[in-house]
Amino acid sequence: MILTIAIKEFRALFASPLAWLVLAAVQLILGYGFLKRLDDFLQIQSQLAQLASPPGVTELVAAPTYAMAAAVFLFAVPLLAMRMIAEERRNQTLTLLFSAPISMTEIVIGKFAGLMAFLLIIVLLVLAMPLTLAASTQLDFGLLGTLTLALLLLAAGFAAVSLYASSLTAQPIAAALIAFGLLMAMLLMGETAGDSLRERGWQIPASFAQVFSPLRNFEPLGRGILDTYAIACPLLLIAGFLLLAIRHLDGQRLRG
Amino acid sequence: MNPADPALTICARGLSRRFGTNVAVHALDLNVRRGEILGLLGPNGAGKTTTMKMLTGNLAPSTGEIRICDIDLLDTPARAKAHIGYLPETPPLYRELNVGEYLHLVARLHRVPKTRRTVAVTLAMQRCGLAAVGKKLIGTLSKGFQQRVGIAQAIVHEPDVIILDEPTVGLDPNQILDMRALIRELGDKHSVILSTHILPEVEAICDRVQIMHRGTVVFSDTIAGMRDFQRGRMVTISLQRPPVIAELQQIPGVAAVEAMGKDSFRIRFSPDIDPTAALINRATAEDWGLHQLTPAQTSLEDVFVHLTRDEVVS
């Protein structure tokens, strides 16, 4: 049943021009960024060769492209997710899902899965760019793997937050703004909150704050370090916001 | 009204719903059997839609219990909802899908097995007269056709209970006739609850009627019982040589006499005593020249207005 809803959402995304526009814009931005980095790399390649252990093309070209993709997701994911629940509420089609023999959990997870399937396409397109270099140079596939994992976790975290924002309102634009606001707050406060808490010796709250620091969790994986805590934090964030969305939709039956 | 009665498909007890301090539905009882069509009538704001939302699991009741085919809707919503087809006031349509795709999706959501899905969708489209527009996008259809898609969506999984909130709104007269025929047909095998404020509709299709007013049921009976509700309590009498009104009023059982012209009167009965026979005897004995005596026709409209009139006054 989750799959049914996921497929429906995935197809609905492609039925709207927005998804195509986002795909095109993201590809344009990232493609340009990738080529620029590659160009820079070729310019300094001779100087790098003189270093004892020079950074490779994966570190200097692929990693910044992934970081750029993370920044693009900050805008793209709220836009892609905004309609998922808000528009169904506005068009009063949520009734169809609420009246069917499906639980609220299946509805929310189905929608999340549909969105993730779409985001996976973007992530794969990002991955495809450095892979084109594989023919002519030696790539660090380990680093590419952790980078891809980091980007997926980041996208999933953004998606869960955006889906929750979409469950709060009947206006898709409002949902996108709420999601964007929440994500910005996390990026700005989440990065510093952990450090200032740690300075005061509050280790546990500091570790907890890291759940809400998407970039901090992105960073170790982005350097090729398989940090389990940096993997667990986004998973907690995803579970937390999906749970909030489920609770909020469930509450709608009670509030009316 | 034994709750374990297998024919009883919807059984609601003591259903109440409050929105803040406003009581939308209060202590409502409702029973529908298989093969029965129940009309839920009431002025706007009487609580019809709230009741239907509760019966379909879209709104949690403040108190009360609901059993669908003897499954508790509040305890095991998924199992109970499998037996329900619901057409809300606004049909829940995905405008970007075509009719066939949409009904396939609905069938999937209602767990119709894959092997039966195509048959179920084709049948629902046939029954609702949608066969010709199966490939059209829902967004491009007229309001009448969209309403039909809404009904098809409620019956595609052959539910035991079909709940229709104002199903004929926005249809033209021919479509209304088709729709009524369809609902009658559905009522043979399934239980149907429909809400409306079009009174002839209830008389035309329902077996039973419940009239709601300010969140409570003020009248609940079969259509025949409802027609009797006022018929037999009033006659119109025409006399060629009428006596004075006071004389008519003295006949036992006459509660009130209202002159309707020079020689005809409307006579209301007091409860429990039917003075018709006494009236005829008296008219013959005193040579009033009785030439017409008819039970005054009361329509559902009269009953409805009578029961919900204080709304108009307030």
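The values are calculated or read from the model by the stated rules, or taken from the named source; none is laboratory data. Since this is a predicted model, take the numbers as computed values, not measurements. As a convention, Cβ positions derive from the backbone with ideal geometry for all residues, glycine included, and neighbour counts pool all protein chains shown.
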Which one of these is at pLDDT below 95 and either among the small types (Gly, Ala, Ser) or within 30 Å of B:Pro88 (Cα to Cα) (or both): A:Ala113, A:Ala67?
A:Ala67
Only one of (1) touching a Pro at 6+ places or on another chain (Cβ under 7 Å); (2) farther than 23 Å from A:Ile7 by Cα fails for B:Thr90. Which number is that?
(1)
Residue that is farthest from the other protein chains (Cβ to nearest Cβ) [pool: residues in the stretch B:16-28 that are within 21 Å of B:Glu166 (Cα to Cα) and in contact with a Gly (Cβ under 7 Å, 6 or more places away or on another chain)]:
B:Val25
Spans of strands (runs of 3 or more DSSP E) in the stretch B:22-100 with at least 3 residues surrounded by fewer than 23 Cβ atoms within 10 Å (Cβ to Cβ)
B:22-33, B:63-68
Restricting to the stretch B:146-176, what's the tally of residues that are modelled with pLDDT of 90 or more, among the hydrophobic types (A, V, I, L, M, F, W, C) and part of a helix (DSSP H, G or I)?
5
A:Glu59 vs. criteria outside any loop (DSSP other than H, G, I, E, B), crowded, with 18+ Cβ neighbours inside 10 Å and of a type in the set (Asp, Glu)
no
Of the numbered conditions (1) surrounded by fewer than 18 Cβ atoms within 10 Å (Cβ to Cβ); (2) away from every other protein chain (no Cβ under 12 Å); (3) in contact with a Gly (Cβ under 9 Å, 6 or more places away or on another chain), A:Gly31 fails exactly one; give the number of that condition.
(3)
Here the residues within the stretch A:87-117 that are crowded, with 24+ Cβ neighbours inside 10 Å and more than 14 Å from chain B (Cβ to nearest Cβ) are A:Val108, A:Phe112, A:Leu115
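The rows are residues; the columns are (1) facing chain A (nearest Cβ under 9 Å); (2) touching a Pro at 6+ places or on another chain (Cβ under 6 Å); (3) aromatic (Phe, Trp, Tyr).
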position	(1), (2), (3)
B:Thr76	no, no, no
B:Tyr86	yes, no, yes
B:Leu97	yes, no, no
B:Gly100	no, no, no
The one condition A:Leu18 fails out of (1) assigned to a helix (DSSP H, G or I); (2) more than 14 Å from chain B (Cβ to nearest Cβ) is (2)
Matching residues in the stretch B:107-125 (surrounded by 19 or more Cβ atoms within 10 Å (Cβ to Cβ) and either at the interface with chain A (Cβ under 7 Å from one of its Cβ atoms) or more than 13 Å from B:Glu158 (Cα to Cα) (or both)) number 3
What number goes with the only condition from (1) in contact with an Asp or Glu (Cβ under 9 Å, 6 or more places away or on another chain); (2) outside any helix (DSSP H, G or I) that A:Ile5 does not pass?
(2)
